[in-house]
Amino acid sequence: MEQSFIMIKPDGVQRGLVGEIISRFEKKGFYLKGMKLLTVEKSLAENHYADLSAKPFFPGLVEYIISGPVVAMVWEGKNVVVTGRKIIGATNPSDSAPGTIRGDLAIEVGRNVIHGSDSIESARKEIALWFPEGLT
Ligand code: ATP
Ligand code: MG
């Protein structure tokens with residue numbers, strides 16, 4: 001069954017949005033397959049966003065991700081990658097539709113609350129990166 005890597009970023013954890021976010025994925029009907037709270041090593045943040053390493057916002061992005069604990073999760077279900085991205089909404093909360101997580105809960109692109117894998121291939125890589133111990 002298809003899986004996606006979903007991460008509640010430090011602002012989402014600090015703002016107390018963990019329950020709200022998990023609830024949206026649960027109510028949609030997806031299955032929670034793995035979850036952990038962790039403070040992220042700089043090397044893991046850099047590796048996770050390696051494709052963006054040339055962007056001017058990359059150093060700030062890495063500092064953001066390591067600024068406090070995150071909730072790393074694996075969600076499973078039919079079309080979870082694409083549907084998960086729809087539930088999350090557009091990257092910049094100024095463009096995210098109301099009803100999406102970012103559209104409802106965020107304002108700044110640099111504090112956009114949540115990450116979701118952008119393809120099945122990215123999901124595979126990210127799940128291996130964030131859950132090297134595997135899923136039970
Ligand atoms: P994510 O990968 O976190 O799910 P995304 O796939 O919607 O987000 P990406 O293009 O992969 O968007 O960008 C990764 C993250 O980098 C964004 O979620 C955001 O936190 C940050 N980011 C993207 N563009 C900018 C920008 N112009 N300024 C500041 N931060 C940015
Ligand atoms: Mg992305």
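Right, residue 75: within 24 Å of residue 16 (Cα to Cα), of a type in the set (Phe, Trp, Tyr), surrounded by 19 or more Cβ atoms within 10 Å (Cβ to Cβ) and within 15 Å of ligand 2 (Cβ to nearest atom) or not? Criteria not met by residue 75. Scanning segment 78-110 for residues that are surrounded by fewer than 22 Cβ atoms within 10 Å (Cβ to Cβ), β-branched (Val, Ile, Thr) and touching a Gly at 6+ places or on another chain (Cβ under 7 Å) returns a single hit, 100. Of all residue pairs spaced 6 or more apart or on separate chains, those with beta-carbon atoms under 6 Å, a first member in segment 32-59 that is of a type in the set (Lys, Arg) and a second member that is surrounded by 11 or more Cβ atoms within 10 Å (Cβ to Cβ) are 33/74; 33/76; 33/135; 36/72; 42/66. Of all residues assigned to segment 9-30, at least one qualifies as being within 14 Å of ligand 2 (Cβ to nearest atom) and either at pLDDT below 95 or farther than 19 Å from residue 78 by Cα (or both). Applying the set (1) closer than 18 Å to residue 11 by Cβ; (2) more than 12 Å from ligand 1 (Cβ to nearest atom); (3) among the hydrophobic types (A, V, I, L, M, F, W, C) to residue 45 leaves exactly one unmet item: (2). Residues in segment 46-62 that are exposed (fewer than 13 other Cβ atoms within 10 Å of the Cβ) and of a type outside the set (A, V, I, L, M, F, W, C): 6 in all. Scanning segment 47-72 for residues that are away from ligand 2 (no atom under 14 Å from the Cβ) and charged (D, E, K, R) gives a single hit, 63. Looking across segment 82-96, the residues that are small (Gly, Ala, Ser) and more than 9 Å from ligand 1 (Cβ to nearest atom) come down to 84, 94, 96. The lone criterion from (1) out of contact with any strand residue (DSSP E or B) (no Cβ under 8 Å at 6 or more places or on another chain); (2) buried (at least 18 other Cβ atoms within 10 Å of the Cβ) left unmet by residue 113 is number (1). Taken together, the residues in segment 84-132 that are within 16 Å of ligand 2 (Cβ to nearest atom), under 16 Å from residue 21 (Cβ atoms) and assigned to a helix (DSSP H, G or I) amount to 8. Within the set 110, 99, 68, the sole residue that is within 8 Å of ligand 1 (Cβ to nearest atom) and either modelled with pLDDT of 95 or more or in contact with a Phe, Trp or Tyr (Cβ under 7 Å, 6 or more places away or on another chain) (or both) turns out to be 110.
Taken as a whole, segment 64-81 holds no residue that is among the small types (Gly, Ala, Ser) and assigned to a helix (DSSP H, G or I).
Across segment 1-45, the qualifying residues are those that are within 15 Å of the chain's Cα centre (by Cα), among the small types (Gly, Ala, Ser) and not in a helix (DSSP H, G or I), and the one among them that is surrounded by the fewest Cβ atoms within 10 Å (Cβ to Cβ) is 34.
The values are calculated or read from the model by the stated rules, or taken from the named source; none is laboratory data. Every value quoted in this text rests on a predicted model; they were computed, and no experiment measured them. Neighbour counts are summed over all protein chains in view; Cβ atoms, including those assigned to glycine, are modelled from backbone coordinates with ideal geometry.
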